[in-house]
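Below is one structure, written out as structure tokens; comments come after it.
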Amino acid sequence: MAVSPQAFPPRKRRPSAAAFVSPNLSDVGLVQSLLLLSQEISSLKPLNFILKRYSLSIIRKSELLAILFEEILKVESLNLSTSTLLCFEEMYIVLQRMKTVIEDCSNGSRTWLLSQNESVANSFHELVLDLSTLLDILPVREIHLSQDVEELVLLMRKQCAESKAYVDPVDSNLRLRVLTMLDGIKSEIVPDRSELALIFRDLGLLDSSSCREEIESLEEEIKSQSDKKSKSEAVALIGLVRYAKCVLFESSSAPRSEFRRRKSLSELNIPSDFRCPISLELMRDPVVVATGQSYDRESINLWIESGHNTCPKTGQTLAHTNLIPNCALKNLIAIWCREQRIPFETAAVNDKLNGVVTNKAALEATKMTVSFLIDKLSASQLVETANSAVYELRVLAKTDSDSRACVAELGGIPMLVRYLGADIGSIHPNLQVNAVTTILNLSILEANKTRIMETDGALNGVIEVLRSGATWEAKGNAAATIFSLSSVHEYRKKLGRKTRVIRGLMDLAKDGPTSAKRDALVAILNLAGERETVGRLLEGGVVEMVSETMNGLPEEAITILEAVVKRGGLMAIAAAYKIIKKMGMVLREGSYTARESAVATLVTICRKGGSEMVAEIAELPGVERVIWELMGTGTMRARRKATTLLRLLRRWAAGLASQHLTHSQNLPVSSSSMLLPS
């Protein structure tokens with residue numbers, strides 16, 4: 001029996017192949033599998049709100065089939081005829097499809113299921129008809145069933161044959177109400193609150209938590225859909241659920257899992273190949289440049305826009321500045337993120353949601369949601385209410401570029417500035433965290449960077465949180481905001497001139513937990529792109545800070561040192577003298593990225609620091625062996641830098657030998673052999 005293409009909506013996420021293949025088993029094994037499968041379906045709960053009648057009918061029929069298979073297994077020396085065997089094999093496929101459809105409906109989005117209720121109802125009906133056909137051709141008398149079970153099979157056969165396609169009028173009416181509300185939103189008509197509450201009651205979405213789960217289910221649905229129209233419909237439903245979540249239900253604070261997500265990513269041991277060589281962060285949109293190296297699109301774009309025409313990793317001149325998406329690497333990163341149970345958001349999400357431009361209904365729903373939250377902030381004097389609204393803005397600002405634009409355009413940034421001060425942080429730390437994190441999320445959109453920098457008190461508020469935030473999370477997110485803002489060349493210079501920014505980042509890098517340290521270090525690395533700022537970093541003790549953090553975060557620390565030494569002149573070289581031995585440890589034991597930065601830094605030190613610096617490097621234990629290893633196994637840039645370092649060390653050694661030889665010529669011949677270097 002062929003599976004109709006209408007049995008399931010077109011999806012990327014399909015049931016497993018095993019669901020549509022009959023098992024190659026013996027007679028007894030096949031009947032046992034059918035019994036187990038029918039019992040599994042019987043144990044499923046019927047759908048509670050939509051398509052309840054169909055799901056209940058399938059479950060009841062499975063219960064009756066289980067009785068049939070139990071009866072067959074009682075037969076001694078079971079020997080099924082060929083026709084019976086083929087019938088049971090096809091029945092196994094039908095039961096698998098029944099189980100898949102019920103589980104898919106149970107675990108998926110309710111609003112999406114409602115929007116597709118007619119097609120899903122047809123899928124259920126088609127399964128009943130398939131079962132009816134199999135029961136018709138089943139040679140009941142050949143199986144030697146008891147009279148009661150035989151009558152039961154005949155009864156099932158009659159019920160299936162008389163079954164008609166059915167769509168519950170209650171479901172159809174609810175679907176019409178939802179579509180009418182979406183049409184109203186599209187026309188900028190604010191939904192009636194009482195009607196909205198009734199719809200969500202009928203859907204069984206009764207609190208903020210259930211709405212949050214519904215949004216996550218819809219986001220998964222978007223990923224599984226293959227056509228743009230279906231994706232667009234799901235996006236509109238997300239907008240409606242978000243609006244209802246804010247208007248109907250209070251959300252006083254974020255769920256713990258939401259707070260843990262970013263921290264877990266920061267503290268995970270991210271594979272070095274998945275980190276961008278520029279930002280050292282997990283790549284979201286990896287691209288390949290002309291030299292074959294991969295970078296995160298945002299970071300390499302910033303590098304090129306800053307006037308560079310070379311590959312940051314190899315130093316080679318770029319033949320062209322075209323960026324080619326590295327789809328293979330992106331898929332590997334997505335798989336790794338899924339295995340680590342952390343969200344994977346690509347840069348493309350800033351402009352589109354999973355490849356679909358946000359539709360009119362979703363955009364208007366977002367505007368209504370933001371307006372409601374900002375009005376709530378303006379009107380309420382209760383801290384709990386403010387925290388709830390700011391948290392919802394935080395979630396919205398994390399979603400997509402349309403939401404970020406709406407929050408900023410409707411006046412969200414000045415409202416958030418209120419909650420950045422130390423007075424708020426000391427009494428209500430969660431509110432301060434939510435406020436600064438919202439600003440961080442807003443800053444992802446390029447246009448919002450300017451809005452933040454030009455809003456009175458916004459930058460100073462972020463710096464205040466960086467210096468004296470109530471929690472490490474608040475300080476870390478303030479540092480991440482500095483990093484985001486500094487991606488604009490003009491703002492990077494402005495931020496680098498502020499002593500409070502430099503001190504705040506340095507203190508956080510020294511004293512904060514791992515996640516906050518990393519936020520501070522990447523911000524410092526960005527600021528170190530300006531030669532003028534490097535001087536202030538050196539005055540602030542950046543080399544000493546690097547020395548302290550090199551044990552815990554060697555890649556970030558050594559990359560900062562490379563940038564500082566490259567742009568800091570003799571002052572930086574002199575400061576780096578004290579930690580040459582630590583660089584030697586990184587060169588021996590660090591990751592490939594850290595070792596590459598270490599050897600590049602040592603080359604710069606040798607070239608600018610003179611023979612005294614070269615001598616210090618030459619005394620590092622096993623340095624020549626490590627250099628040879630890098631020359632054989634490192635990246636192209638690492639090999640080139642290692643070759644240069646080895647050449648500099650040998651020139652120094654040759655010069656030292658020459659000095660010894662010259663000195664020995666002025667001594668008695670009998671002593672000269674003792675003074676020649678071995």
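The values are calculated or read from the model by the stated rules, or taken from the named source; none is laboratory data. It should be emphasised that the depicted structure is a prediction, and the values quoted were computed from it without experimental measurement. Cβ coordinates were reconstructed from backbone atoms using ideal geometry, including for glycine residues, and neighbour counts include every protein chain displayed. These accessible areas exclude ligands, DNA and RNA; they are computed on the full protein's heavy atoms, side chains included. Shrake-Rupley method; radii C 1.70, N 1.55, O 1.52, S 1.80 Å.
Assuming ILE189 fulfils every condition listed in (1) under 22 Å from LEU51 (Cα atoms); (2) assigned to a loop (DSSP other than H, G, I, E, B) apart from one, which condition is it?
(1)
Do any residues in the range 525-542 that are open to solvent by less than 20 Å² (accessible area, probe 1.4 Å) have Cβ atoms under 7 Å from those of residues that are not in a helix (DSSP H, G or I), where the two are at least six apart or on different chains, and which pairs are they?
LEU527/SER486; VAL534/ALA528; LEU537/ALA528
Restricting attention to the range 126-139, report how many residues are under 22 Å from LEU152 (Cβ atoms) and open to solvent by 30 Å² or more (accessible area, probe 1.4 Å).
Final tally of qualifying residues: 4.
Of everything in the range 585-599 that's of a type in the set (Ser, Thr, Tyr) and surrounded by 17 or more Cβ atoms within 10 Å (Cβ to Cβ), which residue is farthest from the chain's Cα centre (by Cα)?
Taking the candidates together, the pick is SER597.
This table checks each residue for (1) modelled with pLDDT of 90 or more; (2) under 33 Å from the mean Cα position of the chain (by Cα); (3) of a type in the set (Phe, Trp, Tyr).
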{"residue": "CYS105", "(1), (2), (3)": "no, yes, no"}
{"residue": "ARG110", "(1), (2), (3)": "yes, yes, no"}
{"residue": "LEU154", "(1), (2), (3)": "no, no, no"}
{"residue": "SER163", "(1), (2), (3)": "no, no, no"}
{"residue": "ASP168", "(1), (2), (3)": "no, no, no"}
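For the condition open to solvent by 30 Å² or more (accessible area, probe 1.4 Å), of a type in the set (Lys, Arg), in a helix (DSSP H, G or I) and free of Cβ contacts under 8 Å to residues at least 40 places away in the same chain, what is the one hit in LYS164, LYS158?
From the options LYS164, LYS158, the qualifying one is LYS158.
Select from the range 561-584 the residues that are open to solvent by 10 Å² or more (accessible area, probe 1.4 Å) and under 33 Å from the mean Cα position of the chain (by Cα) and write down the one among them that is farthest from ASN526 (Cα to Cα).
Out of the qualifying residues, it is GLU562.
Tell me which residues, restricted to the range 235-273, are modelled with pLDDT of 80 or more, in a helix (DSSP H, G or I) and surrounded by fewer than 17 Cβ atoms within 10 Å (Cβ to Cβ).
Of everything in the range 235-273, just one residue is modelled with pLDDT of 80 or more, in a helix (DSSP H, G or I) and surrounded by fewer than 17 Cβ atoms within 10 Å (Cβ to Cβ), namely ASP273.
Considering only residues that are open to solvent by 70 Å² or more (accessible area, probe 1.4 Å), within 18 Å of ASP273 (Cα to Cα), β-branched (Val, Ile, Thr) and over 13 Å from the mean Cα position of the chain (by Cα), which ones fall in the range 314-338?
Scanning the range 314-338 gives a single hit, ILE324.
Can you tell me which of (1) farther than 17 Å from LYS245 by Cβ; (2) crowded, with 18+ Cβ neighbours inside 10 Å is the one LEU203 doesn't meet?
(1)
A quick yes/no check of all residues on (1) open to solvent by 10 Å² or more (accessible area, probe 1.4 Å); (2) in contact with a Ser or Thr (Cβ under 9 Å, 6 or more places away or on another chain); (3) more than 17 Å from VAL383 (Cβ to Cβ); (4) not in a helix (DSSP H, G or I):
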| site | (1), (2), (3), (4) |
| --- | --- |
| THR438 | no, no, no, no |
| LYS449 | no, yes, yes, no |
| GLY476 | no, yes, yes, no |
| ALA479 | no, no, yes, no |
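Check whether at least one residue in the range 440-447 is more than 16 Å from LEU466 (Cβ to Cβ) and either touching a residue at least 60 places away in the same chain (Cβ under 8 Å) or over 26 Å from the mean Cα position of the chain (by Cα) (or both), and report yes or no.
Yes, the range 440-447 has at least one match.
From the list LYS494, LYS517, LYS475, LYS498, pick out the single residue that is touching a residue at least 24 places away in the same chain (Cβ under 8 Å) and either touching a Pro at 6+ places or on another chain (Cβ under 7 Å) or more than 21 Å from VAL417 (Cα to Cα) (or both).
LYS517
Go through the residues of the range 544-566 one by one and say whether even a single one is in a helix (DSSP H, G or I), small (Gly, Ala, Ser) and closer than 22 Å to THR643 by Cα.
There is at least one residue in the range 544-566 that is in a helix (DSSP H, G or I), small (Gly, Ala, Ser) and closer than 22 Å to THR643 by Cα.
Identify, please: which residue in the range 622-645 is small (Gly, Ala, Ser) and either assigned to a helix (DSSP H, G or I) or in contact with a Leu (Cβ under 6 Å, 6 or more places away or on another chain) (or both) and is, among those, surrounded by the most Cβ atoms within 10 Å (Cβ to Cβ)?
ALA642
Conditions tested, residue by residue: (1) assigned to a helix (DSSP H, G or I); (2) without any contact (Cβ under 8 Å) to a residue 24 or more places away in the chain; (3) open to solvent by less than 30 Å² (accessible area, probe 1.4 Å).
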{"position": "GLU63", "(1), (2), (3)": "yes, no, no"}
{"position": "LEU68", "(1), (2), (3)": "yes, no, yes"}
{"position": "VAL75", "(1), (2), (3)": "no, no, no"}
{"position": "ASN79", "(1), (2), (3)": "no, no, no"}
{"position": "CYS87", "(1), (2), (3)": "yes, no, yes"}
{"position": "LEU95", "(1), (2), (3)": "yes, no, yes"}
{"position": "ASP104", "(1), (2), (3)": "yes, no, no"}
{"position": "GLU118", "(1), (2), (3)": "yes, no, no"}
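For ILE444, all conditions in the list (1) open to solvent by 60 Å² or more (accessible area, probe 1.4 Å); (2) more than 22 Å from GLU556 (Cβ to Cβ) hold save one; what is the number of the exception?
(2)
Among the numbered criteria (1) of a type in the set (D, E, K, R); (2) closer than 25 Å to ARG639 by Cα; (3) open to solvent by less than 50 Å² (accessible area, probe 1.4 Å), which one does GLU281 miss?
(3)
Tally up the residues in the range 27-80 that are over 45 Å from the mean Cα position of the chain (by Cα) and of a type in the set (Phe, Trp, Tyr), please.
The number of residues fulfilling the criteria is 1.
Among (1) open to solvent by 70 Å² or more (accessible area, probe 1.4 Å); (2) in contact (Cβ under 8 Å) with a residue 12 or more places away in the chain; (3) under 20 Å from ALA576 (Cα atoms); (4) charged (D, E, K, R), where does GLU619 come up short?
Only one criterion in (1) open to solvent by 70 Å² or more (accessible area, probe 1.4 Å); (2) in contact (Cβ under 8 Å) with a residue 12 or more places away in the chain; (3) under 20 Å from ALA576 (Cα atoms); (4) charged (D, E, K, R) is unmet by GLU619, namely (2).
Restricting to the range 462-473, name every residue that is assigned to a helix (DSSP H, G or I) and buried (at least 24 other Cβ atoms within 10 Å of the Cβ).
VAL462, VAL465, LEU466
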